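Worksheet: one structure, shown below.
The values are calculated or read from the model by the stated rules, or taken from the named source; none is laboratory data. Since the model is a prediction, treat every value here as computed from it, not as a measurement. So basically every Cβ, Gly included, is an ideal-geometry build from the backbone, and we count neighbours across all protein chains shown. Quick note on the areas: whole protein, heavy atoms, side chains included, nothing else; ligands and nucleic acids left out. Shrake-Rupley method; radii C 1.70, N 1.55, O 1.52, S 1.80 Å.
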Amino acid sequence: MPDYLANYFGVQVAYYYHFCNMYTRSLLGPAICSILVLSMRFSGWLSHHQRQSMASGCAFGRPISWPATIRAYASRACDGGMDGTNSASAAVRRQFRDDYRDTVRERLDNIFHWMLCALFICETVGVIAFISSRRLAAFNNPDGATFGLPNNVAVHAFKYIIIANIKTVNALWTRLSPYLSNRQNWRTDVELKSNMVLKLFAVKFVVFYYPFFYTV
């Protein structure tokens, strides 16, 4: 497992990439076997009955070999040490205050953060809807003007306004959300990173993809 993945994203994410790497390597054997089987099927060396038996053997072997591979990886992961990946055994953050846990103020901090998520999402939805409606009106009236710009120019300018909104909102949220998450009373780094990623993804998904969904 690459150390830089574990240090930056946490042990759980690093093990996911480690599993993907192991899974890809484990496909090498079946891939080589499939080439040999395919070559033998079209070579004319085997009878029809032998080809059917070979195909049945391969189909029967796959569901047996893959669970064994998964179990072997899970056993190795547990033996290798997944310590510190759950909230019970992970190291407690220095900023964590037990007396602040489950208080009204802590809940208000969490609610405020989620309200900001909703605000950024609503801003994106509102701006895209408004700009798209103005752009459509300008497109349907090429001889008019919108906000002092000729409509034939405004139709193209509105596209750059949408791009500027995406870049601005993304830059603000990328700095604001981690700052707020670090100030919240999360007990472990795993809790902190999980909640940070969730809020970042919720807003960024809408900011980057909603304009395309709306256009379609």
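Here are the numbers for this structure:
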read-out: Selection count where residues are outside any helix (DSSP H, G or I) and of a type in the set (S, T, N, Q), scope segment 177-204; value: 3
read-out: Test: residue in segment 163-175 that is in a helix (DSSP H, G or I), in contact (Cβ under 8 Å) with a residue 60 or more places away in the chain and of a type in the set (Phe, Trp, Tyr); value: no
read-out: Any hit, segment 129-142, residues being without any contact (Cβ under 8 Å) to a residue 12 or more places away in the chain, open to solvent by 40 Å² or more (accessible area, probe 1.4 Å) and either among the charged types (D, E, K, R) or in contact with a Pro (Cβ under 8 Å, 6 or more places away or on another chain) (or both); value: no
read-out: Per-region count, segment 129-157, residues in a helix (DSSP H, G or I) and either within 29 Å of the chain's Cα centre (by Cα) or aliphatic (A, V, I, L, M) (or both); value: 11
read-out: Residue that is most open to solvent (accessible area, probe 1.4 Å) [pool: residues in segment 86-111 that are assigned to a helix (DSSP H, G or I) and free of Cβ contacts under 8 Å to residues at least 12 places away in the same chain]; value: ARG105
read-out: Qualifying residues in segment 155-188 (those that are closer than 28 Å to ASP99 by Cα and touching a strand residue (DSSP E or B) at 6+ places or on another chain (Cβ under 9 Å)) - the one surrounded by the most Cβ atoms within 10 Å (Cβ to Cβ); value: THR188
read-out: Lone unmet requirement of (1) among the aromatic types (Phe, Trp, Tyr); (2) without any contact (Cβ under 8 Å) to a residue 60 or more places away in the chain; (3) under 30 Å from ASN110 (Cα atoms) for TRP186; value: (2)
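Okay, residues lined up against (1) modelled with pLDDT of 90 or more; (2) touching a strand residue (DSSP E or B) at 6+ places or on another chain (Cβ under 8 Å):
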{"site": "GLY57", "(1), (2)": "no, no"}
{"site": "SER65", "(1), (2)": "no, no"}
{"site": "MET82", "(1), (2)": "no, no"}
{"site": "SER87", "(1), (2)": "no, yes"}
{"site": "GLN95", "(1), (2)": "no, no"}
{"site": "ASP109", "(1), (2)": "no, no"}
{"site": "PHE112", "(1), (2)": "yes, no"}
{"site": "GLU123", "(1), (2)": "yes, no"}
